[in-house]
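The values are calculated or read from the model by the stated rules, or taken from the named source; none is laboratory data. What you are looking at is a predicted structure, and each value in this text was computed from that prediction instead of being measured. Here the Cβ is made from the backbone with ideal geometry for all residues, glycine too, and neighbour counts use every protein chain on show. Accessible surface is based on the protein model in full, side chains and every heavy atom, while ligands, DNA and RNA are left aside. Shrake-Rupley method; radii C 1.70, N 1.55, O 1.52, S 1.80 Å.
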Amino acid sequence: MLKKQIGIIGLGIMGTNLTLNFEKNGYQISIFNRTKDKINELMLNYPKKNIKPYYTLKEFISSLNHPKYILLMVKSGKATDETIKKLIPYLKKKDIIIDGGNTYFKDTIKRYNKLKKIGIDFIGMGISGGEEGALNGASIMPGGDKTIYNKISHFLIKIAAKKNNRSCVDYIGPNGSGHYVKMIHNGIEYGNMQLISETYNILKNILLINNKKISKIFNKWNKKELNSYLIKITRNILKFKNKKNKYLIDLILDKADNKGTGKWASISALELESPFSLITEAVFNRYLSNLKEERKIASKNKKIINKKIKRIKEKIFINDLEHALYFGIIISYTQGFLLMQKASRKYKWNLNYSVIAKIFQEGCIIKAKILNKIRSIYKKNNQIKNLLLSSFFQKKTKKYQSSIRNIIIESIKHGIPTPTLSSALSYYDSYNSDKLPANLIQAQRDYFGNHMYERTDKKGKFHTNWKI
Ligand code: 6PG
């Protein structure tokens, strides 16, 4: 008989909603939280549910039969280590700890190895979808031993989002791979959000269009190939008015926060030497946005070009912008999936990218129509070197490149920043260049440091005495 009992530690919004999701699916849940107020709040709000509250860790653990399934939804980092440390004395071999937080994958690898030594099974599990996904169906990325995944898959399938009757959960790979894939998910999330915010800025400050109309444009885009969760919520955000009938978007301070997952993804890209320029630009632009006071002072030097340039034909421009955004989104996913390929080789994870694309198709923040294409490309060839080499994306980018060039040119003329759109195009132009000026870099390296270079006309490494 399948085990229908789970313990959840950590009752933040994600922990609380996952508790309710499990309960809805017929599981008996034991809950515990470091502070009592969260437990009381949940019990007060949902008195009739099959949820058992415990106020000490000892009682919580005793309420679970062996082998115990314990889902940690605590803050990543120190809090996770402390909770695991407190749990260990109560656990026996074959008990399973699942870390569902946004944990750094290297920490997951360390914890997996440490717990393995004492016979406790550990799954590092990325969960996406925010509070809504946690409650009604999330996108789930579990990493660890396949045999352990098989023991818990029955309940993950239940709480996962569904796409065409398929659950958006599957085994990702060994040790830290589940959290790695979630980290890349977040990197793509940062990239796509920045791209969308650049197009909003262009519509607002080049075409001088109001929020209501911009919302309608996003609504239209959402019905076609750009269809995605992020475009949908952008449409909703832009038409949202507060009680005083003011657009809320205009009252929100332009400083973008972050919790570090985008930074981790970029650090990994640097470590693995994989081009990740668009997503890293998105990370840097969050930092730049935070320099609000400096930007305020510096903006006084900028010549404001706020007049709509007459010769722009609005309809054609908006059409170009739609294509430019899609172009950017292609590069965002391309760089994200490429980094997973690099990591899979480095850490020997044997990742299956069509499975990952399937998991991303519902419940998560980066769910989008484009994932259908990505999924089928990887299904045909899991080892394709780059999504831009697939005939679909080759044709798409070729078709849309003039649009993105037009958009970037107009933005430059108007002094409107396009860091990720520009980065997408630069990556595309470099990747599609048979010849790059790297020959000069090699010559410079050899000139000042005797670093040697390769030649196009003969094999081997060469040094020249340049100073003669
Ligand atoms: C998800 C999200 C989520 C993430 C937030 C905030 O998949 O549900 O990725 O896990 O924590 O989006 O991230 P930042 O604070 O870094 O923007």
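Does segment 353-373 hold any residues that are in a helix (DSSP H, G or I) and either among the polar types (S, T, N, Q) or open to solvent by 10 Å² or more (accessible area, probe 1.4 Å) (or both), and which are they?
Selection gives S354, V355, K358, N372, K373.
Report those helices (runs of 4 or more DSSP H) wholly inside segment 378-468 carrying at least 2 residues which are open to solvent by 70 Å² or more (accessible area, probe 1.4 Å).
Where helices (runs of 4 or more DSSP H) fall fully within segment 378-468 and carry at least 2 residues being open to solvent by 70 Å² or more (accessible area, probe 1.4 Å), they are 391-414, 438-449.
Go through segment 216-258 and give me each residue that's within 14 Å of the ligand (Cβ to nearest atom) and either surrounded by 11 or more Cβ atoms within 10 Å (Cβ to Cβ) or of a type in the set (S, T, N, Q) (or both).
S228, Y229, L230, I233, K255, A256, N258
Is there a residue in segment 106-114 that is touching an Asp or Glu at 6+ places or on another chain (Cβ under 7 Å), of a type in the set (S, T, Y) and part of a helix (DSSP H, G or I)?
Checked against the condition, which is being touching an Asp or Glu at 6+ places or on another chain (Cβ under 7 Å), of a type in the set (S, T, Y) and part of a helix (DSSP H, G or I), segment 106-114 yields at least one hit.
Regarding segment 154-165, can at least one residue be identified that is aliphatic (A, V, I, L, M), modelled with pLDDT of 95 or more, open to solvent by 10 Å² or more (accessible area, probe 1.4 Å) and farther than 18 Å from Y347 by Cα?
yes
Any idea which of (1) in a helix (DSSP H, G or I); (2) open to solvent by less than 10 Å² (accessible area, probe 1.4 Å) is the one I123 doesn't satisfy?
With respect to (1) in a helix (DSSP H, G or I); (2) open to solvent by less than 10 Å² (accessible area, probe 1.4 Å), I123 is out only on (1).
Take the residues in segment 131-147 that are open to solvent by less than 30 Å² (accessible area, probe 1.4 Å) and more than 14 Å from D170 (Cβ to Cβ); name whichever of them is nearest to the ligand (Cβ to nearest atom).
Of everything passing the filter in segment 131-147, G133 is nearest to the ligand (Cβ to nearest atom).
For segment 315-336, check the following and say yes or no: at least one residue is in contact (Cβ under 8 Å) with a residue 40 or more places away in the chain and not in a helix (DSSP H, G or I).
No: zero hits.
Could you list, in sequence order, the residues of segment 161-203 that are within 12 Å of the ligand (Cβ to nearest atom) and either aromatic (F, W, Y) or without any contact (Cβ under 8 Å) to a residue 24 or more places away in the chain (or both)?
Y190
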